[in-house]
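Peer 1: Quick one: the structure is below, and I'll ask about it shortly.
The values are calculated or read from the model by the stated rules, or taken from the named source; none is laboratory data. These numbers come from a predicted model, not from an experiment. Glycine gets a Cβ as well: all are built from the backbone with ideal geometry, and neighbour counts include every protein chain shown. We work out accessible area using only protein heavy atoms, side chains counted, and drop any ligands, DNA or RNA first. Shrake-Rupley method; radii C 1.70, N 1.55, O 1.52, S 1.80 Å.
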Amino acid sequence: MTAFPFNAALLLAALLFSIGLAGVLVRRNLVFMLMSLDIMLNAAGLVFVAAGARWQDASGQVMFLMILALAASETAVGLAIILCLHAHGRPSLDADTGNLLRG
Amino acid sequence: MYVLPLLSGGLTLVGAMMVVTCPVAVHAVLYLVVTLLSLAMVLAMLGAQFAAALEIIIYAGAIMVLFVFVIMMLNLGQPDRDREKEWLRPRAWIGPGLLAVVACGELLYGLPTLSDPDGAVFPIDARDVGLSLFGTYVLMVELASFLLLAGLVTAFHIGRTLRERP
């Protein structure tokens, strides 16, 4: 099996992060914004694992585990907030309609 | 020579592009699963089989189930049967299905040859990660457990106020 080159991994992570950032900036649906955030977190984890493989160190995968825990808690809380907004009678999931605290 | 890395990297990028540009949330979840599977293949090719397994189990398993639950609970306006029929047209799932078949075939082809002694991959297996995790970084594990507990309490609190609303 061929190894994945380090430079290619960096390039792939940069492209993934750019796609996720474009998704957060362009899409206004809260569910899509959360998915784009997950793509960005995956790109960051890919850089950690690639660096760990490049320098033969297990710390990269340890940081990947931490990013996994962060993504799990962030997704759970974000989806709970989305459900709460929807249950309070908000008609759409547009993020721009929620910019007032007591709106 | 570079067919497998190019294929998995390209699948990851195509899936991510489709996630960002898809108009329907369920189709975006399908493409996100394809992205995560091919990214797991990339991680396995980097020599991190443990991270690849966790990517499939936790990300493509647990977190995607959360997304599917929430999307099922939202948008309850239309009747369910019409909505499901509209979601499950072949035009909707044939793209993610084909991409997932490619990713799965790649995993099945690539993983048995991963531990070749003459390969260019130097694997860092679960033993090294566990030694480092519970040796050097044991404080970080505690902090991650704090984070998970805080997420649990927050989600429970928001759900409780949701349930007690008349």
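Peer 1: Can you list residue pairs whose Cβ atoms sit under 7 Å apart, with the first residue in the stretch B:55-73 being more than 11 Å from chain A (Cβ to nearest Cβ) and the second being in a helix (DSSP H, G or I) and open to solvent by 60 Å² or more (accessible area, probe 1.4 Å)? Count only pairs 6 or more apart in sequence or on different chains.
Peer 2: Matching pairs, first to second residue: none at all.
Peer 1: Which helices (runs of 4 or more DSSP H) sit wholly inside the stretch B:74-166 and have at least 3 residues that are at negative phi and modelled with pLDDT under 85?
Peer 2: Because the criterion is at least 3 residues that are at negative phi and modelled with pLDDT under 85, the helices (runs of 4 or more DSSP H) in the stretch B:74-166 that meet it are B:80-87, B:90-110, B:138-164.
Peer 1: Would you check if A:GLY103 is at pLDDT below 90, surrounded by fewer than 18 Cβ atoms within 10 Å (Cβ to Cβ) and at positive phi?
Peer 2: The answer is no for A:GLY103.
Peer 1: Another one. When A:ALA50 is evaluated against the numbered criteria (1) more than 7 Å from chain B (Cβ to nearest Cβ); (2) among the aliphatic types (A, V, I, L, M); (3) touching a residue at least 12 places away in the same chain (Cβ under 8 Å), which criterion, by number, is the only one it fails?
Peer 2: Here A:ALA50 clears every test but (1).
Peer 1: Examine the stretch A:28-36 for a residue that is over 21 Å from the mean Cα position of the chain (by Cα) and without any contact (Cβ under 8 Å) to a residue 12 or more places away in the chain, and state whether such a residue exists.
Peer 2: The answer is no, given that none of the residues of the stretch A:28-36 is over 21 Å from the mean Cα position of the chain (by Cα) and without any contact (Cβ under 8 Å) to a residue 12 or more places away in the chain.
Peer 1: Take the residues of the stretch B:23-53 that are outside any helix (DSSP H, G or I) and open to solvent by 10 Å² or more (accessible area, probe 1.4 Å): which is nearest to B:PHE122 (Cα to Cα)?
Peer 2: B:LEU46
Peer 1: Let me ask something else. Check off (1) surrounded by fewer than 16 Cβ atoms within 10 Å (Cβ to Cβ); (2) in contact (Cβ under 8 Å) with a residue 40 or more places away in the chain; (3) facing chain B (nearest Cβ under 10 Å); (4) farther than 29 Å from B:VAL3 by Cα for A:ASP94 and give me the number that stays unchecked.
Peer 2: Going through the list (1) surrounded by fewer than 16 Cβ atoms within 10 Å (Cβ to Cβ); (2) in contact (Cβ under 8 Å) with a residue 40 or more places away in the chain; (3) facing chain B (nearest Cβ under 10 Å); (4) farther than 29 Å from B:VAL3 by Cα, A:ASP94 breaks only (3).
Peer 1: Among the residues of the stretch A:1-19, count how many are assigned to a helix (DSSP H, G or I) and within 7 Å of another protein chain (Cβ to nearest Cβ).
Peer 2: The number of residues fulfilling the criteria is 6.
Peer 1: Which residues, taken from the stretch A:6-22, are surrounded by fewer than 22 Cβ atoms within 10 Å (Cβ to Cβ), over 11 Å from A:VAL47 (Cα atoms) and under 11 Å from the mean Cα position of the chain (by Cα)?
Peer 2: If the condition is that a residue be surrounded by fewer than 22 Cβ atoms within 10 Å (Cβ to Cβ), over 11 Å from A:VAL47 (Cα atoms) and under 11 Å from the mean Cα position of the chain (by Cα), then A:LEU21 is the only one that fits.
Peer 1: If you don't mind, another one. Among all residue pairs at least 6 apart or on different chains, which show Cβ distances below 6 Å where the first residue, located in the stretch B:3-20, is surrounded by fewer than 24 Cβ atoms within 10 Å (Cβ to Cβ) and the second is aromatic (Phe, Trp, Tyr) and assigned to a helix (DSSP H, G or I)?
Peer 2: Going by the 6 Å Cβ cut-off, the qualifying pairs are B:MET18/B:TYR31.
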